[in-house]
Structures are given as C-alpha cells and as structure tokens.
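Please treat every number below as a calculation from the coordinates, not as lab data. A quick note: this is a predicted structure, and the numbers were derived from the prediction, not measured. Positions of Cβ are generated from backbone atoms using ideal geometry, with glycine treated the same way; all protein chains shown enter the neighbour counts.
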Amino acid sequence: MTADNTQNHQSIERLLQAGTRRLEEAGVESPRREARLLLQHALGLSAEQMLARSARESVPASLFLSWLERRARHEPFAYITGSKGFWSLDLAVSGASLVPRADTETLVECVLEHCPDQTRALSVLDLGTGSGCLLLAVLAEYPAAWGIGIDINPKAAALARSNAERSGLAGRAAMLAGEWTQALAGHARFDVVVSNPPYIPTQDLDTLMPEVREHEPVAALDGGADGLDAYRVLCQCLPSLLAPGGIGVFEIGIGQETALRDLARQAGLNVVAVQPDLGGIPRAVVLRAADA
Ligand code: GLN
C-alpha cells in the first residue's frame with residue numbers, strides 16, 4: 001500500500017471551506033485565497049492545474065490540513081511551502097533568513113537604472129545576504145557579473161549558497177558567513193554594494209505582524225534603539241568598499257530617509273537617488289563616494 005492510500009481523502013470543495021473557516025478564525029487576511037493557494041501547493045499543482053480540477057474531486061488531505069494548522073498559527077506562507085519568488089528567481093526559504101519581499105526588488109531596479117550596461121563584469125557585494133535574494137537577482141541580470149554575499153548567520157550563508165546552486169549562479173557567487181567587513185579582511189572593492197540590513201527600531205518589533213514577529217529571525221529585523229545601527233556601520237565602511245565610480249544601494253524603512261542622508265553626508269557619501277517601492281514609500285537609497 002502506498003502512503004497515498006493510507007491518507008485521508010476529501011473533496012476540494014470541503015477542504016477549501018474548512019480551510020477558509022480555520023484561517024478566518026485565526027485572523028489571517030484573505031482566508032479563502034490563502035486556503036486555495038495552500039491546497040494548490042500541498043497538491044503540487046500549478047494555478048492552471050488547480051483551476052482545471054472539479055470542486056467535487058477527492059484529493060489527499062493530510063498535508064494540506066497540517067499546513068493549514070501552521071498557517072493558522074501565522075507561520076509565513078513561504079516558510080510552509082519552502083520557497084518564494086523574488087525577481088526572476090524561485091528561491092528556497094527557511095527560518096534562517098527573512099522571506100524575500102517584493103519591496104526589496106526596488107533595489108534591483110536601482111542597480112539596473114544606475115548600471116545600465118548589462119554586459120559589464122560587475123563585482124557585487126551583498127551585506128546581510130540572508131536567502132541570497134539580492135545578490136542572485138543582480139547576478140541574473142548581468143551575465144558577466146560575479147559577487148560575494150555575507151551573512152553573520154552561517155545557516156543563512158548556507159541557504160544563500162544552496163539558492164545560488166538552485167538558480168544556476170553558483171559559479172559566480174560566493175556566500176560567506178561572518179561579520180560584514182571582517183569576512184572580507186578589508187581588501188576588496190566592488191562596483192555595487194547592496195544591503196537590506198535590519199532596520200526596525202527595537203521598541204517597534206512588538207508591533208510587527210505575527211508572521212514577522214513570531215516567525216522571522218529577529219537578528220535580520222532589529223536595527224537597535226533607533227533602527228539605524230546597521231546604517232552607521234554600512235555608511236562608515238562603504239567608501240572603502242566601493243571601486244571608483246561604484247554605487248551602494250541600501251534598503252531603508254519607513255521614515256528613515258532623512259536620518260540616512262545625515263549618516264551618508266557624515267561618511268563622505270552622496271545620495272544620488274531615493275527610489276520608492278510599489279506602495280510609494282522611499283525604499284532604496286543609491287549612494288556614491290563624494291569624491292568619485
Ligand atoms: N521590511 C521588513 C519588515 O518590515 C523589515 C526588513 C528589515 O529590517 N530589513 O518586515
């Protein structure tokens with residue numbers, strides 16, 4: 001007997017009804033949509049295949065029901081299914097790093113805008129690489145580029161490495177665990193330095209959605225008392241990390257533009273652009289050395 005035969009089978013209709021009710025009770029937004037997506041992934045179907053199924057069809061229920069309980073406890077959808085789309089890539093995710101966010105794609109757009117020659121053999125550094133999403137998305141756009149991703153958490157560096165392999169980019173990406181600047185021993189310079197650092201002020205962590213607050217790694221979120229700790233380090237080390245003409249592109253949180261501009265000025269950096277995300281919030285800051 002296969003594992004499938006021992007499983008509880010139920011109709012799609014019934015599972016969607018039960019799933020929607022459970023997620024609604026748990027206060028998950030868009031419960032019907034999420035129940036449907038969870039069932040689609042649990043059955044291993046594409047969106048089109050799911051649409052083609054009859055609501056009365058009987059399908060294996062056990063995996064869906066266990067995923068449903070995890071989602072009802074506000075575990076992020078991507079941690080449950082194990083993957084998340086970012087830019088052109090499908091990346092593995094785990095509790096070792098943040099789930100890649102659509103807002104962060106704003107940084108990739110900035111790199112493309114400020115380095116329009118996509119044939120260049122750009123050198124790229126990603127500080128706090130997490131899943132590797134930023135470095136890998138940039139490398140995917142510049143076929144001759146290479147880069148280094150660094151994360152303080154060795155599990156994140158390992159995840160980023162497996163994503164480099166999964167994306168066919170491992171030959172051009174090195175993922176290292178360590179302190180941002182120490183891992184490089186201060187010797188290398190880069191055409192592009194990207195970072196989505198932790199930037200939530202410590203006292204605001206409690207106000208985040210339960211998906212983020214209770215499930216994502218606090219080290220990737222907590223930016224210290226004013227949320228700016230990481231930018232102090234980043235702005236200070238950026239001038240010595242940039243190759244001549246190089247750019248830094250950093251993600252910022254809501255309301256952090258003015259403070260970032262001050263830190264940049266003090267470090268001898270010019271803010272050459274601030275790009276809003278799809279919600280209109282200033283999200284990506286592009287910097288150059290003032291003397292470049
Ligand atoms: N944008 C993320 C959030 O609010 C925070 C990411 C970060 O601190 N880098 O969930």
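Things to note:
- The set of residues from the stretch 207-229 being more than 8 Å from the ligand (Cβ to nearest atom), touching a residue at least 40 places away in the same chain (Cβ under 8 Å), within 15 Å of A96 (Cα to Cα) and not acidic (D, E) comprises H215, P217, A219.
- Cross-chain or 6+ apart pairs with Cβ under 8 Å, the stretch 246-271 first and farther than 22 Å from E105 by Cα, then part of a helix (DSSP H, G or I) and among the charged types (D, E, K, R): L263/R232
- Every residue from the stretch 264-287 that is part of a helix (DSSP H, G or I) and surrounded by 18 or more Cβ atoms within 10 Å (Cβ to Cβ): A264
- Selected residue (only one of S123, S131, S83 is hydroxyl-bearing (S, T, Y), in contact with a strand residue (DSSP E or B) (Cβ under 6 Å, 6 or more places away or on another chain), more than 16 Å from the ligand (Cβ to nearest atom) and closer than 24 Å to L241 by Cβ): S123
- Some residue of the stretch 171-188 being within 16 Å of the ligand (Cβ to nearest atom), closer than 21 Å to D229 by Cα and hydroxyl-bearing (S, T, Y): no
- Residue within the stretch 21-28 that is surrounded by 15 or more Cβ atoms within 10 Å (Cβ to Cβ), in contact with a Pro (Cβ under 6 Å, 6 or more places away or on another chain) and without any contact (Cβ under 8 Å) to a residue 24 or more places away in the chain present: yes
- Residue ranges of strands (runs of 3 or more DSSP E) in the stretch 158-256 with at least 2 members of a type in the set (G, A, S): 173-177, 242-251
- Which listed residue is surrounded by 16 or more Cβ atoms within 10 Å (Cβ to Cβ), on the phi > 0 side of the Ramachandran plot and of a type in the set (G, A, S), from G178, G168, G147, G128: G128
- Helices (runs of 4 or more DSSP H) fully within the stretch 60-138 counting 1 or more residues that are charged (D, E, K, R) and over 30 Å from I12 (Cα atoms): 105-114
- For the stretch 80-123, the tally of residues that are within 17 Å of R288 (Cα to Cα) and either touching a Phe, Trp or Tyr at 6+ places or on another chain (Cβ under 6 Å) or of a type in the set (S, T, N, Q) (or both) stands at 3.
- Matching residues, the stretch 139-157, being touching a Gly at 6+ places or on another chain (Cβ under 8 Å) and in a helix (DSSP H, G or I): L139, A156, A157
- Residue that is surrounded by the most Cβ atoms within 10 Å (Cβ to Cβ) [pool: residues in the stretch 61-118 that are more than 19 Å from H215 (Cβ to Cβ) and among the polar types (S, T, N, Q)]: T106
- Residue within the stretch 191-205 that is more than 16 Å from the ligand (Cβ to nearest atom) and farther than 30 Å from V28 by Cα present: yes
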